[in-house]
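Trainee: Shown below is the structure under consideration.
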Amino acid sequence: MFFLKKNRWVWIAIFLSVGSRSTLAFHKDMYEPRVPKAIIAQEQQVQSPYPVTPERIEAGRKIYFGVGFCVTCHSKDGTGVNLPGHPSRDFTDVKWQKLRTDGELMWVLKNGSPGTGMPIRVGTDINEEDGWNVIQFIRTFEGK
Ligand code: HEC
């Protein structure tokens, strides 16, 4: 019995290491755009109709920790929860923050990131204004 139990953990360990190595091959580099090539130029130009204000950042923070469920996968400090399968994003990464326009982030909120756990958020649990507010909040993680 003891031997069987020990063996089970060995198999689980083998399964996990093979699993993570094979899924790694399918992970797009985090800096690669998520918006499809055909529409990226136009999506990058899309801008928030709202000015950046402390009130909107605060509203975004409430969405992030509340109805948006962002914190479940993206964690309190924005570095991301270690999800099985595809990892979430490290919002503190300065290079990533500089590369992405607000328009691209809005596209991801409206479409999800196909092939990953990133779900459609705008139009489901939150509306477009909430989306722009939560983007303002995500920007505050840069460099933290
Ligand atoms: C069920 C888990 C989950 C939830 C809930 C979730 N995300 Fe994500 N998110 C992910 C994963 C996984 C990725 C990485 C996707 C990728 O690499 O393409 C991601 C990526 C992102 C990105 C980066 C996209 C890019 O262009 O690099 C943004 C922005 C984002 N999420 C915002 C949010 C916001 C805002 C919320 C809440 C309103 C949210 N997410 C809720 C799992 C989640």
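Trainee: Compute the length gained on full extension between V71 and I120: take 0.36 nm times their separation in residues and subtract their Cα-Cα distance, giving the result in nm to one decimal.
Mentor: Full extension of this stretch gives 16.2 nm more.
Trainee: Let me ask you something else. If we sort 51-59, 130-138 on the protection proxy, mean other Cβ atoms within 10 Å, highest first, what's the order?
Mentor: Packing order, densest peptide first, comes out as 130-138, 51-59.
Trainee: Once fully extended, how much extra length lies between V52 and L83, figured as 0.36 nm per residue of separation less the alpha-carbon to alpha-carbon distance?
Mentor: Between V52 and L83, full extension yields 8.1 nm more.
Trainee: Residue by residue through segment 135-144, which ³J(HN,Hα) values in whole Hz follow from phi under the Karplus form 6.51 cos²θ - 1.76 cosθ + 1.60 (θ = phi - 60°), with glycine and proline marked x?
Mentor: Once θ is set to phi - 60°, the couplings for segment 135-144 become 5, 4, 5, 4, 4, 6, 6, 3, x, 7 Hz.
Trainee: Just to verify a number: FRET efficiency for E129 and Q97, C-beta to C-beta distance, R0 = 22 Å, to 0.05?
Mentor: That pair, E129 with Q97, gives E of 0.50.
Trainee: Could you list, in their original order, any pairs among K28/K76; K37/K62; K28/K62; K37/K144 whose Cα atoms are separated by more than 27 Å?
Mentor: Distance filter (> 27 Å) returns K37/K62; K28/K62; K37/K144.
Trainee: Same structure, new question: Out of all Cα-Cα pairs in segment 28-139, roughly what percent, to the nearest whole number, are more than 25 Å apart?
Mentor: Beyond 25 Å sits 13 percent of the P(r) for segment 28-139.
Read-outs: derived from the displayed coordinates by stated rules, not from any lab. As the structure is a computational prediction, the values presented were derived from the model and not from experiment. Counting neighbours? That spans all protein chains shown, and the Cβs are built from the backbone with ideal geometry, glycine included.
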